[in-house]
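See below for the structure under consideration.
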């Protein structure tokens, strides 16, 4: 959850620009419109013609293929581009956006690089995840020192429709966030695939196995959210010695599943660091 008070709604005069109009940008745009912002207050730069057509059909927003003078009106610019194209896109937009607050949702690219490319220290990084598309995301935020309290609230307000936010005060920890929650939905889907496959191997239909697996994950996650007990305590409560759950946990422990998952998340953290080295300054 956020560690600051809920911010005020956006002012009618505010304009938000998005560089990149993919899924995450669409989730944020949908949230802004739900908060009462008019489509005319949202500018989007998106090279893909198909993505531009989608934004027009879904939101009534006419996106541009390249940065143009309309970006000068934006007091907040959201960078929703792939890491490998961030630098080029930033240098193109820099003359048009130097008075804006900048929010990046790109993985790995450090705020120091973003600040250098854009010529401003007013930079915030966010690490969201894909459940943001349905308003159930978990996003970590980091702000450079030049970002003031009101600007932090502005970012929170923008991110609020996507789910929960958590401020991180040491930027290197965003690599851990990327590995844990940014990539985390894929780990859940991986387990769901395996559980569904196990169910079908035992005679259930794929539809039945999928429904049971998804319902179990959703229920267990909500129980963990609402409980004051640690996950290991919750696990022990459903693991009677000599019972069915005990047999399953023993098998996973013997196979090293827990350690393998830790190593996998550490590999994701390392790749996040490499992205910053590879595509940053």
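The values are calculated or read from the model by the stated rules, or taken from the named source; none is laboratory data. Everything numeric here is computed off the predicted structure, so don't read it as measured data. A quick note on method: Cβ atoms are made from the backbone with ideal geometry, for glycine too, and the neighbour counts reach across all protein chains shown.
Brief remarks follow.
- Boolean, residue 89 is touching a strand residue (DSSP E or B) at 6+ places or on another chain (Cβ under 7 Å), under 22 Å from residue 122 (Cβ atoms) and modelled with pLDDT of 95 or more: yes
- Selection count where residues are under 26 Å from residue 259 (Cβ atoms) and either touching a strand residue (DSSP E or B) at 6+ places or on another chain (Cβ under 8 Å) or without any contact (Cβ under 8 Å) to a residue 12 or more places away in the chain (or both), scope region 198-217: 2
- Residue satisfying condition, being in contact (Cβ under 8 Å) with a residue 24 or more places away in the chain, part of a helix (DSSP H, G or I), surrounded by fewer than 22 Cβ atoms within 10 Å (Cβ to Cβ) and not assigned by TED's automatic domain parsing to the domain that holds residue 42, within set 176, 160: 176
- As a summary of the residue check, residue 235 satisfies the conditions (1) in contact with a helix residue (DSSP H, G or I) (Cβ under 8 Å, 6 or more places away or on another chain); (2) at pLDDT below 95 except for the one numbered (2).
- Where residue 171 falls short, out of the listed (1) part of a helix (DSSP H, G or I); (2) under 21 Å from residue 129 (Cα atoms); (3) in contact (Cβ under 8 Å) with a residue 24 or more places away in the chain: (1)
- Applying the set (1) closer than 21 Å to residue 35 by Cβ; (2) assigned to a helix (DSSP H, G or I) to residue 117 leaves exactly one unmet item: (1).
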